[in-house]
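Step one of this worksheet: look at the structure below.
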Amino acid sequence: MPKQKLVFFYTLVVLTIVTSVFPQSPKRSDVPDKHKWNLSDIYPSINDWKADLNNIENSINDFTAYKGKLGNDSQTFIDALNSYFGMLKIFYKSNTYAGNLSNEDVNISENQALLQQLSSVGTKFGETVSFFEPEILLIPKETIEKFFKEKPELNVYSVYVDNIQRLRPHTLSESEEKMLASFGLIAGNQNTVYSLFADGEKPNPKITLSNGEEVELDASTYTRVRTAENKDDRKKVFETFFNSYGDFKNTLGANLVGKVKKDWVFAKNRKYESTLQSSLNGDNLPVSVYTTLIDQVNKNLPTLHRFLDLKKRLLGVDTLHYYDLYTALVKKVDLHFTVEQGQQAILDALTPLKSEYLSTVKKSFNNRWIDFIPTEGKRSGAYSTGGAYDVHPYILMNWNDDYESLSTLAHELGHTMHSFYSNANQPFAKADYATFVAEIASTINETLLNNYMVKNAKNDDEKLFLLGSYLDLLRTTIFRQTSFAEFELQIHKRVEEGQPLTGDDLCNIYYDIVKKYYGHDAGHCVVDPYIQYEWSYIPHFMGYTYYVFQYSTSLIYATAFAEKIVTEGNPAVDNFYKILNGGGSKYAVELIKDAGIDPLSPEPFELTMKKMNKVMDQIEEILSK
Ligand SMILES: [Zn+2]
């Protein structure tokens, strides 16, 4: 949906503050061209970029002529849509150029100035087109149908128009909309209060570790020291850290409940049956996608319990505690790859995806779509952007010669291939894919890479390390995130049913869910009482509504696709291409279903659990040697 792209645009602008943290980063001019992206594929020079931005500015001025006329006749309607998407296309292209260029070195102020220029045109664009979608919404369904019959060319905009029109039952009168919008001023308040407290004013407890190191336990120190090898250390870390949140459970609880109530007020006023229905409506997902996830993961808890028993065995402890979960399952093995070795490994690992896919990956390596090397002032992390629709996608990353770099490249290449094939096969207005399908291609690549690495591991230690980190990924992404999703659902339900909800209730609900997931009663893992406060440490509950479940679903569908690709071969690969080529031409669930996996059936969950059990078999086989 274009709206998401617009959001993406603004985030890209804001994201440029963090720079590379690698020590002794080389200068950009010292990096060979083959390791740097070539932005002149988008615009040969900054002057060409400026000329394009001028074009948009002129079009923006002309666009106001459509105001109040969209429903007049099919010609005006299609002209306005062509003009709108024409501007949007140039906008994303110029944004991709300016964003990428400024990320090369955030200290070059001329490049930062381009972003500011773009942002002011963006604001003007946003203001000018603000009438557009509300006016399309008001055009009666019959008129829209008539327009589409008269002008079959309109079909390229069918999803866009339907996405607007299907909001009609949830749109209020003009004055009601205005009033609801005015509450936007206070809508983010609970989240602000939470961040101010959790990241600032909350007193952080201090502890001394067994090596004599004294640490102040804020959220980031906690994630560093919770992996401590010494059992007493991690016990102390968990207990002290979560109790420090427990001291404020009523305040934090009232704040979270306030946010849940706020969500419900908005959803209810928009005539949704639940906050869940309202939240999933963005990608047009049925509520059953969410409940299926929770039901199926609950059904498959024995697989998590098997993992916990294996962890207990590997750690050599009599009783496994929740505080043991972040300790590495096996000892870390250092794997080294140069960029070229990494590229070769990826080409080998992705062989199951057919030569067509591989030749596009090769193109991305040989034609400089990727910026590999961390250099002075370069933005940290990694991303892929397909914003330059008629050019090609780009990847920014910070190669560090390790396995993490390799799997990051595989992951980002998945996004790049998804964007490449969507852009090549769909008109611009249908090319952008939904968040719900966005992580499938990237995760399939990571899975295939892991399969390949395990197969070609030099020794058992290396194999154990790869299998172990893969299992940890499944534990944290599928089981942990779904337990969060279940907590969110329960607390929203309580509010929507008009039941009281206090800090203590939140603790009880959370504690019961965690005990159930980790098999506390059956002795798989002891969940100590202070874990009941963990919800108050997780910022996602405050910052998002019904979002985290997509981490689980993405990994589950991707694992299922990868399993099918490995076991069934070409027919499954052909099906996967339906997602790659499909872009945003259909709604997400339909798209995944067409590609051979039904998100509403147990199949993807069973395939994923089968894979997880297979990995545990492999580990046990090595251990029994
Ligand atoms: Zn991703």
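The values are calculated or read from the model by the stated rules, or taken from the named source; none is laboratory data. Quick caveat, the model's predicted, so the values are computed rather than measured. As a convention, Cβ positions derive from the backbone with ideal geometry for all residues, glycine included, and neighbour counts pool all protein chains shown. Just so you know, the surface numbers come from the protein's heavy atoms only, side chains and all, with ligands and any DNA or RNA stripped out. Shrake-Rupley method; radii C 1.70, N 1.55, O 1.52, S 1.80 Å.
May I ask you to give the solvent-accessible area per residue for the stretch 2-171, in square angstrom, as obtained with a 1.4 angstrom probe?
Spelled out: the 1.4 Å probe surface of the stretch 2-171, per residue, equals 49 Å².
Full extension of the chain between Asn107 and Asn613 yields a length gain of 177.3 nm, computed as 0.36 nm times the residue separation minus the alpha carbon distance.
Simple point charges give the picture: +1 on the Cβ of Lys and Arg, -1 on the Cβ of Asp and Glu, and for the stretch 582-625 a dipole about the Cα centre of about 120 debye. Cβ-Cβ distance of Phe131 and Asp598, R₀ of 30 Å, FRET efficiency by 1/(1 + (r/R0)^6): the value works out to about 0.15.
To the nearest ten degrees, helix 403-425 and the longest principal axis of the Cα atoms of the chain are 30 degrees apart.
Would you mind counting up the charge near Asp594? Only other residues with Cβ under 11 Å from its Cβ, with Lys and Arg at +1 and Asp and Glu at -1. Net of charged neighbours comes to +1. Since only Val333, Asn613, Gly498 are under comparison, the one whose Cα sits farthest along the positive direction of the charge dipole of the chain, derived from C-beta charges on Lys, Arg, Asp and Glu, is Gly498. Each residue of the stretch 37-44 was assigned a 3J(HN,Hα) from its phi angle through the Karplus curve 6.51 cos²θ - 1.76 cosθ + 1.60 (θ = phi - 60°); the sequence is 6, 10, 6, 6, 5, 7, 9, x Hz, with glycine and proline shown as x.
The portion of the accessible surface of the stretch 392-548 made up by carbon and sulfur, rounded to a whole percent, is 46 (1.4 Å probe; DNA, RNA and ligands excluded).
The stretch 502-581 has equivalent-ellipsoid semi-axes of 37, 18, 7 Å, by the square roots of 5 times the alpha carbon gyration tensor eigenvalues, sorted largest first. Solvent-accessible area of Asp594, all protein chains in place: 60 Å² (probe radius 1.4 Å, heavy atoms, ligands and nucleic acids excluded).
Protein heavy-atom accessible surface, 1.4 Å probe, per residue over the stretch 489-622: 36 Å².
Model label sites at Asp460 and Asn269, defined 7 Å from Cα along the beta-carbon direction, differ in position by 6.4 nm. Among the trypsin sites (Lys or Arg not before Pro) found in the stretch 15-116, those both in a DSSP coil and sparsely packed, with 11 or fewer other Cβ atoms within 10 Å of their Cβ, are Lys27. Computed from backbone phi with θ = phi - 60° and the Karplus coefficients 6.51, -1.76 and 1.60, the 3J(HN,Hα) list for the stretch 254-259 is 4, 5, 5, 4, x, 5 Hz; x is used for glycine and proline.
Rounded to the nearest 20, the Cβ-based charge dipole of the stretch 339-455 about its Cα centre (Lys and Arg +1, Asp and Glu -1) stands at 320 debye. One Cα centroid belongs to the stretch 457-494, the other to the stretch 363-377; the line between them spans 31 Å. In sequence order, the stretch 264-276 has phi-based couplings of 5, 4, 5, 5, 5, 5, 8, 6, 8, 6, 7, 5, 4 Hz under the Karplus curve 6.51 cos²θ - 1.76 cosθ + 1.60, θ = phi - 60°, and Gly or Pro positions carry x. Summarised as an ellipsoid, the stretch 236-380 has semi-axes of 39, 30, 21 Å, derived from the eigenvalues of the Cα gyration tensor scaled by 5 and square-rooted, with the largest first. Restriction of the GluC sites (Glu not before Pro) in the stretch 545-598 to DSSP coil positions whose beta-carbon has at most 16 other beta-carbons within 10 angstrom yields no sites.
Taking only the Cα atoms of the stretch 410-482, how large is their convex hull per residue, in Å³?
Once divided by residue count, the hull of the stretch 410-482 is 82 Å³.
Taking the centroid of alpha carbons for each part, the stretch 157-204 and the stretch 559-625 are 35 Å apart.
Heavy-atom surface analysis with a 1.4 Å probe gives the stretch 2-171 a carbon and sulfur content of 55 percent of its accessible area.
Taking the longest Cα principal axis of the chain as reference, the axis of helix 481-496 is set at about 70 degrees.
Using heavy atoms of the protein chains and a probe of 1.4 Å, the accessible area assigned to Ser469 is about 50 Å². When the charge dipole of the chain is built from unit charges on Cβ atoms (+1 for Lys and Arg, -1 for Asp and Glu) and taken about the Cα centre, the candidate among Pro32, Leu285, Leu358 whose Cα reaches farthest toward its positive end is Leu285. Would you mind checking the tilt of helix 460-474 against the longest principal axis of the Cα atoms of the chain, expressed as 0 to 90 degrees and rounded to 10? Orientation of helix 460-474: about 60 degrees from the principal axis.
Express in % the proportion of alpha carbon pairs of the stretch 203-247 at distances exceeding 13 Å. Don't jump to the answer; show the numbers that get you there.
Values: 462 of 990 pairs.
Cα-Cα pairs of the stretch 203-247 separated by over 13 Å account for 47 percent.
With R₀ set to 22 Å, the beta-carbon distance separating Ser182 from His540 gives a calculated FRET efficiency near 0.25. Translational diffusion of the stretch 185-228, estimated by Stokes-Einstein from the Kirkwood radius over alpha carbon pairs at 37 °C in a medium of 0.692 mPa s, is 270 µm² per second.
How would the stretch 339-455 be classified by its alpha-carbon gyration tensor: rounded, prolate or oblate, with rounded meaning a/c under 1.5 and the a/b versus b/c comparison settling the rest? In terms of gyration-tensor shape, oblate. Between the listed residues Gly122, Ser94, Gln165, the Cα displaced farthest toward the positive end of the dipole of the stretch 2-171, a dipole computed from Cβ unit charges relative to the Cα centre, is found at Gln165.
Taking the Cα centre of the chain as origin and assigning +1 to Lys and Arg Cβ atoms and -1 to Asp and Glu Cβ atoms, the resulting dipole is close to 460 debye.
Distances longer than 23 Å among the Cα atoms of the stretch 68-169: what percent of all pairs is that?
Tail of the P(r) past 23 Å holds 40 percent of the pairs.
How big is D, in µm² s⁻¹, for the chain by Stokes-Einstein at 20 °C and 1.002 mPa s if Rh is the Kirkwood radius over C-alpha pairs? Using the Kirkwood radius from Cα pairs, D works out to 81 µm²/s.
The tail of the calculated P(r) for the stretch 2-171, taken as Cα-Cα distances beyond 26 Å, holds 41 percent of the pairs.
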